Amino acid sequence: MMSSANRTAIVTGASRDVGIGAAVCRALAAQGINIFFTSWRAYDQMMPWGEDADFPAALQAEIQAQGVRCEHLEADLSLPETPQQIMDAAEQSLGPVSILVNNATFSVNAGYDTLTPELLDQHYAVNMRGTFLLTTEFVRRFRGDSGGRVISLTSGQSVGPMPDELPYITTKGAVEAFTTSLAAGVAALGITVNAVDPGATDTGWMDADLQQALLKQSPRNRIGQPADAARLIAFLASDAADWITGQIIHSRGGM
């Protein structure tokens, strides 16, 4: 197994302080793992929460202050050439990569009455094509005999209906199918492949009414936090999780 000091992780979609991506970067860095993270401000600009233009630089400085190396790239995963660019930049700045966390996503609500070809294409380009191409590029370049990790974020589409999020849940369902089959294909290379469904997680997108509705459903009487997902992902990235692969882990606090 590789020591944490010799490992580098790519984490996509770490653009906001309250997001899962940022929490994952912090959790992995706390294990001594070098971090290469991506963000895409153009996506945040079109979302209700808006862009935090200064955050990527602040996160990079915060992680470096923990004593590990950290680099950042603005990366549009909807472009077919971006996965190779991410891998090139990570390897050139930090060396070989042994951990990939596919956190970046595109999500716009759409039910049967608002679904369009354009919305489907936007979700497909990031959630499927970008994720799958980055993952396969990572696998092709992995040179260890063990310790490779792919961890993708998925959603709760397989545990209950989400009728107002058809393009999102469709593409996230594909991530689960990809995870299961890729895990079998790369096991002999020393790479594990898993997906995490963190359930409803408060990353700044919930309004007060939704928070109250979720609290009523929660056996733990609280809503999921980014750190909850990050702790699980950090475990899956560790040597202790070497025997876990091909799994879709629903970490939802009992909901």
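Tabulated values for the structure
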read-out: Spans of helices (runs of 4 or more DSSP H) in region 29-118 with at least 2 residues modelled with pLDDT under 95, closer than 28 Å to GLU137 by Cα and charged (D, E, K, R); value: 41-46
read-out: Residue check for SER158: closer than 23 Å to LEU120 by Cα, surrounded by fewer than 18 Cβ atoms within 10 Å (Cβ to Cβ) and not charged (D, E, K, R); value: yes
read-out: Inter-residue pairs, beta-carbon under 7 Å, first over 19 Å from ASN103 (Cβ atoms) and in region 174-202, second surrounded by fewer than 20 Cβ atoms within 10 Å (Cβ to Cβ) and hydroxyl-bearing (Ser, Thr, Tyr), 6+ apart; value: GLY190/SER146
read-out: Every residue from region 112-144 that is of a type in the set (Ser, Thr, Tyr) and either in contact with a Lys or Arg (Cβ under 7 Å, 6 or more places away or on another chain) or closer than 30 Å to GLU91 by Cα (or both); value: TYR124, THR131, THR135, THR136
read-out: Output for region 154-171, where each listed residue is farther than 20 Å from GLU118 by Cα, β-branched (Val, Ile, Thr) and under 18 Å from the mean Cα position of the chain (by Cα); value: THR154
read-out: Residues that are surrounded by fewer than 19 Cβ atoms within 10 Å (Cβ to Cβ), modelled with pLDDT under 95 and either more than 24 Å from GLU165 (Cβ to Cβ) or within 16 Å of the chain's Cα centre (by Cα) (or both), drawn from region 179-217; value: ASP202
read-out: Residue match in region 135-144 (condition: more than 22 Å from PRO198 (Cβ to Cβ), polar (S, T, N, Q), at pLDDT 95 or above and touching a Leu at 6+ places or on another chain (Cβ under 9 Å)); value: yes
read-out: The one condition in (1) in contact (Cβ under 8 Å) with a residue 24 or more places away in the chain; (2) over 22 Å from GLY190 (Cα atoms) that GLN64 fails to fulfil; value: (1)
read-out: Complete set of residues in region 132-149 that are in a helix (DSSP H, G or I) and touching a residue at least 60 places away in the same chain (Cβ under 8 Å); value: LEU134, PHE138
read-out: SER93 being more than 16 Å from the chain's Cα centre (by Cα) and either surrounded by 13 or more Cβ atoms within 10 Å (Cβ to Cβ) or among the acidic types (Asp, Glu) (or both); value: yes
read-out: Set GLN45, GLN31, GLN66, GLN60: member being surrounded by fewer than 21 Cβ atoms within 10 Å (Cβ to Cβ) and either within 18 Å of VAL150 (Cα to Cα) or small (Gly, Ala, Ser) (or both); value: GLN31
read-out: Test: residue in region 121-133 that is more than 24 Å from GLY185 (Cβ to Cβ), of a type in the set (D, E, K, R) and modelled with pLDDT of 95 or more; value: yes
read-out: Number of the exception - GLY156 against (1) part of a helix (DSSP H, G or I); (2) modelled with pLDDT under 95; (3) closer than 24 Å to SER15 by Cβ; value: (1)
read-out: Any hit, region 112-121, residues being in contact with a strand residue (DSSP E or B) (Cβ under 9 Å, 6 or more places away or on another chain) and of a type in the set (D, E, K, R); value: no
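The values are calculated or read from the model by the stated rules, or taken from the named source; none is laboratory data. What you see is a predicted model, and the numbers here were worked out from it, not measured in a lab. Cβ: placed from backbone, ideal geometry, glycine included. Neighbour counts: every protein chain shown.
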